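Peer 1: Next up is a structure, given as structure tokens.
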Amino acid sequence: ERRRIARELHDQALQDLTHALALAGRMRGADGSPSGSDELTAALKRVGEQLRGAVYDLRLGDERETPFHELLESLVGVHRAIAVDSEIELDVGTGVPRDALGAVGVETLRVVGEALTNARRHAGARSVRVAIWGAAGKLRAEVSDDGHGFDPASAPGHGITGMRERAKLLNGRLDIRSNPATGTAVRLEVPLP
């Protein structure tokens, strides 16, 4: 069912959205001005980003047997394609297993994906770094950005709540540090299977 929904979103909704973006780009007022098309185009682009993220997340559920490093590279690739105004660096360190990690790998990637989405959507980050490494039987991931930061103690919202819930389900630990001057760092540590 997830595959079918992902296929329909990709083959129908995203194609229709691409057509709508082209139409919005051609909209002009009587005097030749953009006639609100800039706002419409920006809104349609945001919807496209959200759909691409949803398609990736739906497909990720079926990828438990895919090697973790392949899934990680794919995730970063999706975010690079969405966040054309940001530079996303991937640093895979030592100790990261080359094989599939099952549910641990999928849920870790969902946390990393949410941190990437937050850096793009809310932080206004120009540079984002994803670092993954393993040591002492644990997988560690950090997503850091140079965005404007926020107060992690304030009302966290659904994304951060979801990351915390996923970390807890994996018997892991999530730490979020943020400062308006230095950006945000989301750190996840989970036991390797």
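Peer 1: Taking A119 as meeting all but one of (1) crowded, with 18+ Cβ neighbours inside 10 Å; (2) modelled with pLDDT under 90; (3) in contact with a Pro (Cβ under 8 Å, 6 or more places away or on another chain), write down the number of the exception.
Peer 2: Exception for A119: condition (3).
Peer 1: Shifting gears a bit: Just the residues that are modelled with pLDDT of 90 or more and either out of contact with any strand residue (DSSP E or B) (no Cβ under 9 Å at 6 or more places or on another chain) or of a type in the set (F, W, Y) (or both), please, taken from the range 157-191.
Peer 2: Hits for the range 157-191 are E165, L169.
Residue-by-condition table, conditions (1) modelled with pLDDT of 80 or more; (2) exposed (fewer than 12 other Cβ atoms within 10 Å of the Cβ):
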position	(1), (2)
A30	no, yes
A54	no, no
D57	no, no
G61	no, no
E65	yes, yes
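Peer 1: Report, by residue number, each residue of the range 67-95 that is small (G, A, S), modelled with pLDDT of 85 or more and either farther than 20 Å from T108 by Cα or buried (at least 18 other Cβ atoms within 10 Å of the Cβ) (or both).
Peer 2: Across the range 67-95, the qualifying residue is only S86.
Peer 1: Pick out, from the range 63-167, the strands (runs of 3 or more DSSP E) lying fully within it that include 1 or more residues that are within 17 Å of V186 (Cα to Cα), of a type in the set (G, A, S) and in contact with a helix residue (DSSP H, G or I) (Cβ under 8 Å, 6 or more places away or on another chain).
Peer 2: Correct list: 138-145.
Peer 1: From the list L174, L188, L192, L101, exactly one residue is within 26 Å of L51 (Cβ to Cβ), open to solvent by less than 50 Å² (accessible area, probe 1.4 Å) and not small (G, A, S). Which is it?
Peer 2: None of the other options fit; the residue is L188.
Peer 1: Between a first residue in the range 88-117 that is of a type in the set (V, I, T) and a second residue that is open to solvent by 50 Å² or more (accessible area, probe 1.4 Å), which pairs have beta carbons less than 6 Å apart while being 6 or more apart in sequence or on different chains?
Peer 2: As it stands, the answer is I88/R80; V104/P193; V106/R64; V111/R166, since those pairs meet every condition given.
Peer 1: I'd like the residue in the range 145-164 that is under 17 Å from the mean Cα position of the chain (by Cα) and open to solvent by 100 Å² or more (accessible area, probe 1.4 Å) and, out of all such residues, is farthest from P193 (Cα to Cα).
Peer 2: Of everything passing the filter in the range 145-164, H158 is farthest from P193 (Cα to Cα).
The values are calculated or read from the model by the stated rules, or taken from the named source; none is laboratory data. Bear in mind that the values here come from a model prediction, so they are computed numbers and not experimental data. Don't worry about glycine lacking a Cβ; one is built from the backbone with ideal geometry, like all the others, and counts go over all protein chains shown. Remember, those area values only see protein heavy atoms, side chains included, never the ligands or the DNA or RNA. Shrake-Rupley method; radii C 1.70, N 1.55, O 1.52, S 1.80 Å.
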